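*Asks:* Let me give you the structure first, and then I'll get to my questions.
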Amino acid sequence: MRYLSKDERREEILQAAMRVALSEGLAAMTVRRVAAEAGVATGQVHHHFTSGGELKSLAFVRLIRELLDADVVGKQAGWREQLHAMLGSDDGRFEPYIRLWREAQILANRDADIKGAYIMTMEMWHQETVALIRAGTEAG
């Protein structure tokens, strides 16, 4: 194992958590599973994150940010196409992200960390949707 700074190691673990979440879901994202994916000891995960819940919620928010930042319809698309894409894309590449969002909605009822992350991602989505609507309104 090569030496990584504290921030680099933390990011490596977070990236591993994101891969596990996308491929297996939030419920499967245990500290042991993430440690195995990252190739580190479970103690390293606990060293860099206060809890498995913190890691899970950070990974979820980062994944949803990736989804919201994805260029679904292209830079030249009009505001209507952009809004349509924001409200629901038929692009199959995003299905793992949508599945994750649905899982988080269900888990939010019994997991405070996920509930906070889910609310945050819904606010992110809402702000971007409102911005698209405003842009469309201004464009006539």
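*Asks:* In the set 112, 85, 77, which member is closer than 30 Å to residue 31 by Cβ and not charged (D, E, K, R)?
*Replies:* 112
*Asks:* Do any residues in segment 115-140 that are over 30 Å from residue 103 (Cα atoms) have Cβ atoms under 6 Å from those of residues that are surrounded by 15 or more Cβ atoms within 10 Å (Cβ to Cβ), where the two are at least six apart or on different chains, and which pairs are they?
*Replies:* Filtered contacts from segment 115-140: 135/79; 136/79; 139/79.
*Asks:* For residue 22, indicate whether it is surrounded by fewer than 18 Cβ atoms within 10 Å (Cβ to Cβ), touching a Pro at 6+ places or on another chain (Cβ under 7 Å) and among the hydrophobic types (A, V, I, L, M, F, W, C).
*Replies:* Yes, satisfied.
*Asks:* Tell me yes or no: at least one residue of segment 90-110 is touching a Lys or Arg at 6+ places or on another chain (Cβ under 6 Å) and either farther than 30 Å from residue 138 by Cβ or of a type in the set (A, V, I, L, M, F, W, C) (or both).
*Replies:* Among the residues of segment 90-110, at least one is touching a Lys or Arg at 6+ places or on another chain (Cβ under 6 Å) and either farther than 30 Å from residue 138 by Cβ or of a type in the set (A, V, I, L, M, F, W, C) (or both), which makes the answer yes.
*Asks:* Right, here's the next one. If we scan segment 61-77, do we find a residue that is in contact (Cβ under 8 Å) with a residue 40 or more places away in the chain, crowded, with 18+ Cβ neighbours inside 10 Å and either more than 29 Å from residue 5 (Cβ to Cβ) or not aliphatic (A, V, I, L, M) (or both)?
*Replies:* No, because not a single residue in segment 61-77 is in contact (Cβ under 8 Å) with a residue 40 or more places away in the chain, crowded, with 18+ Cβ neighbours inside 10 Å and either more than 29 Å from residue 5 (Cβ to Cβ) or not aliphatic (A, V, I, L, M) (or both).
*Asks:* While we're on this one: Name the single residue, out of those in segment 101-131 being of a type in the set (D, E, K, R) and in a helix (DSSP H, G or I), that is nearest to residue 71 (Cα to Cα).
*Replies:* 128
*Asks:* Tally time: how many residues in segment 37-75 are small (Gly, Ala, Ser) and either within 22 Å of residue 107 (Cα to Cα) or at pLDDT 95 or above (or both)?
*Replies:* So the answer is 5.
*Asks:* Moving to a separate point now. Can you name every one of the helices (runs of 4 or more DSSP H) wholly within segment 41-87 that holds 1 or more residues which are in contact with a Lys or Arg (Cβ under 6 Å, 6 or more places away or on another chain) and of a type in the set (S, T, N, Q)?
*Replies:* 42-48
*Asks:* Considering only residues that are charged (D, E, K, R) and surrounded by fewer than 13 Cβ atoms within 10 Å (Cβ to Cβ), which ones fall in segment 25-50?
*Replies:* 32
*Asks:* Of the residues 117, 135, only one is over 27 Å from residue 21 (Cα atoms) and in contact with a helix residue (DSSP H, G or I) (Cβ under 9 Å, 6 or more places away or on another chain); which?
*Replies:* 135
*Asks:* Here's something else I'd like to know. Here's a check for you: in segment 88-100, which residue that is charged (D, E, K, R) and outside any helix (DSSP H, G or I) is surrounded by the most Cβ atoms within 10 Å (Cβ to Cβ)?
*Replies:* Among residues in segment 88-100 that are charged (D, E, K, R) and outside any helix (DSSP H, G or I), the one surrounded by the most Cβ atoms within 10 Å (Cβ to Cβ) is 91.
The values are calculated or read from the model by the stated rules, or taken from the named source; none is laboratory data. In this text the structure is predicted, and so the values were computed from the model without any measurement. Note that we place each Cβ from the backbone using ideal geometry, even for glycine, and neighbour counts take in every protein chain shown.
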